[in-house]
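See below for the structure under consideration.
Bear in mind that the values in this text are calculations on the coordinates, not laboratory data. Nothing here was measured: the structure is a model prediction, and the numbers come from that model. In this analysis, Cβ positions are derived from the backbone assuming ideal geometry, glycine residues included, and neighbour counts consider all displayed protein chains.
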2 protein chains.
Amino acid sequence: MKLYDAGRAPNPRRVRIFLAEKGISVPLVPVDLAKLEHKTPDFAAVNPLQESPALELDDGTVITESIAICRYFEELHPEPPLFGVGALERAEVEMWQRRLEFHLFGTVRAVFRHLHPAMAEMEVPQVPAWGEANKPRVAAFLGVLDRHLADREFVCGNRFTVADITGLVSLDFMKPAKLSVPEELDNVRRWHAALAARPSAKA
Amino acid sequence: MKLYDAGRAPNPRRVRIFLAEKGISVPLVPVDLAKLEHKTPDFAAVNPLQESPALELDDGTVITESIAICRYFEELHPEPPLFGVGALERAEVEMWQRRLEFHLFGTVRAVFRHLHPAMAEMEVPQVPAWGEANKPRVAAFLGVLDRHLADREFVCGNRFTVADITGLVSLDFMKPAKLSVPEELDNVRRWHAALAARPSAKA
């Protein structure tokens with residue numbers, strides 16, 4: 001088994017944090033996104049959609065999509081549970097994972113990829129108006145999130161889950177996107193600090 | 001239990017198809033998106049993100065996000081399994097559900113929402129250049145999908161799954177987005193026809 005990784009990019013980091021929380025070690029194969037290594041024919045043979053991360057099993061089967069890779073490890077190593085326990089909790093983890101992915105990760109990503117000059121080769125065409133349109137969406141979602149976190153340690157209550165991982169990488173992704181969490185959102189700031197202080201955050 | 005629905009919109013339809021495949025009946029509460037009912041304070045009390053569908057349980061708990069609602073029912077009614085069986089199959093269903101969601105549903109949605117005049121009130125601001133930028137992405141993904149389907153009945157092999165549901169609603173969503181599947185993509189066309197012929201497709 002080997003995991004095609006990609007340094008500081010947020011999606012591979014989600015998987016590394018997940019594995020660190022599970023205490024699982026998987027050999028990493030670096031893919032240099034800055035050199036567009038994911039666009040090479042060699043990597044297209046691994047993932048025709050040319051995205052990292054990708055998990056290659058010993059029989060050659062490839063699983064892509066960060067959350068699909070995490071779910072594979074959750075099935076193989078259920079402890080500690082990071083996708084919830086029981087029908088309702090699993091649905092809530094899925095709900096918050098998706099809310100954070102679409103309304104925070106996706107919006108921050110749009111700001112970064114469509115407005116950052118370093119992304120001109122990666123995001124073709126850059127559409128600056130689309131980047132700008134996402135800035136108020138980031139802010140609006142952070143407001144909803146702050147109210148939600150007022151009486152919760154983690155986004156799904158008392159249990160750290162994969163939804164928190166998506167939250168952490170999204171908040172950290174705001175820095176290269178030149179966005180910041182408004183000062184008054186105390187609950188988001190407290191949550192971000194707690195996630196960033198976990199040993200897994202360094203993965 | 002009641003399900004906030006929204007007529008022809010693709011996300012509520014995903015849940016209705018899923019329930020039909022499971023043989024589950026849930027009372028529907030219509031939400032008229034054309035009248036922006038999802039933007040009212042009443043609906044914001046159900047879902048602060050103001051999106052449909054939303055499942056309200058008898059104790060008032062609300063689950064939003066189409067795939068989270070589907071997963072809740074999968075946990076309660078495991079047969080027939082629509083999220084896969086076993087670690088690898090579950091990871092593959094998650095992978096294809098996400099690939100279809102990001103690379104087909106999401107790209108078709110961007111074309112529709114940013115280029116269709118009827119969306120001017122719903123998608124603020126419309127960014128036509130972003131709609132145009134997604135057209136070649138739809139085409140590129142359909143090419144990858146066609147090659148994948150060459151030797152498979154469904155997107156994850158012999159078993160119909162929630163990933164096929166996302167595929168069906170995405171392909172049907174192409175019509176209002178004024179997109180069409182290229183003639184030469186025989187495998188996508190055969191798959192689309194087979195999914196559309198299932199009784200659940202009318203849900």
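Given R0 = 51 Å, the distance between the Cβ atoms of B:V124 and A:I24 translates into a calculated FRET efficiency of 0.70. With a threshold of 24 Å on the Cα-Cα distance, the over-threshold entries among A:K135/B:K39; B:K22/B:K175; A:K39/B:K135; A:K178/A:K202; B:K22/B:K202; B:K2/B:K22 are B:K22/B:K175. Each Cα pair under 8 Å and six or more residues apart adds its separation to the average, and for the stretch B:67-203 the resulting relative contact order is 27 percent. Indicate the gyration tensor shape class of the protein assembly as shown (rounded, prolate or oblate), computed on the Cα atoms with a ≥ b ≥ c the square roots of the eigenvalues: a/c under 1.5 is rounded; otherwise a/b larger than b/c is prolate and the rest oblate. Rounded shape, in that the Cα axes give a/c under 1.5. Rounded to the nearest 20, the size of the Cβ-charge dipole of the stretch B:2-76 about its Cα centre is 340 debye, with Lys and Arg at +1 and Asp and Glu at -1. Largest GNM mean-square fluctuation among A:L185, A:L171, A:L104, using chain A with Cα springs under 10 Å: A:L185.
Over the stretch A:2-76, what is the relative contact order in percent, taking alpha-carbon pairs closer than 8 angstrom and at least six residues apart?
Once divided by the residue count of the stretch A:2-76, the mean separation gives 36 percent.
Across the identical copies, the 7 Å label point of B:H77, projected outward along Cα→Cβ, sits 3.6 nm from its counterparts, in ascending order.
What average number of partner chain Cβ atoms lie no more than 10 Å from the Cβ of the residues making up B:86-98?
For this peptide, the per-residue mean of nearby foreign Cβ atoms is 6.
Where both bridge residues fall in the stretch A:2-76, DSSP classifies roughly 65% of the beta bridges as antiparallel.
Remark: mean inter-chain Cβ contacts per residue of B:48-59 equal 2, using a 10 Å Cβ-Cβ cutoff to other protein chain atoms. Between the amide H of B:V29 and those of B:L3, B:Y4, B:D5, distances stay under 5 Å, these residues lying 5 or more places away or on another chain, with hydrogens modeled in the peptide plane.
Among the GluC sites (Glu not before Pro) in the stretch B:114-203, which ones are in a DSSP loop with at most 12 other Cβ atoms within 10 Å of the Cβ? Mind listing them?
On the way: sites: B:E121, B:E123, B:E132, B:E153, B:E183, B:E184; in loops: B:E121, B:E123, B:E153, B:E183, B:E184.
Those that pass, being in a loop and sparsely packed, are B:E121, B:E183, B:E184.
For peptide B:120-131, the mean count of partner chain Cβ atoms within 10 Å of a residue's Cβ comes to 3. Label-to-label distances for B:G143 across copies, nearest first, come out at 4.3 nm, using points 7 Å from Cα in the beta-carbon direction.
I need the shape label for the stretch A:29-69. Rule: rounded when a/c is under 1.5, else prolate if a/b > b/c, else oblate, with a, b, c from the alpha carbon gyration tensor. Prolate is the answer for the stretch A:29-69, as a/c is 1.5 or above and a/b outweighs b/c. Here's the picture: charge each Lys and Arg Cβ at +1 and each Asp and Glu Cβ at -1 in chain A, and of A:L28, A:L195, A:L76 the one pushed furthest to the positive end of that dipole is A:L195.
For the protein assembly as shown, the 222 nm mean residue ellipticity estimated from helices alone, with every DSSP H stretch of n ≥ 4 adding -39500 (n - 2.57) and the total spread over all residues, rounds to -15000 deg cm²/dmol.
Counting only DSSP beta bridges with both residues in the protein assembly as shown, the antiparallel share comes to about 70 percent. Sorted from shortest to longest, the distances between the B:L36 label points of this copy and the other copies are 4.3 nm, with each point 7 Å from Cα along the line through the beta carbon.
The residue in chain A that lies nearest, by its beta carbon, to the axis linking chain A with chain B is given here with the distance in whole angstrom as A:W130, 2.
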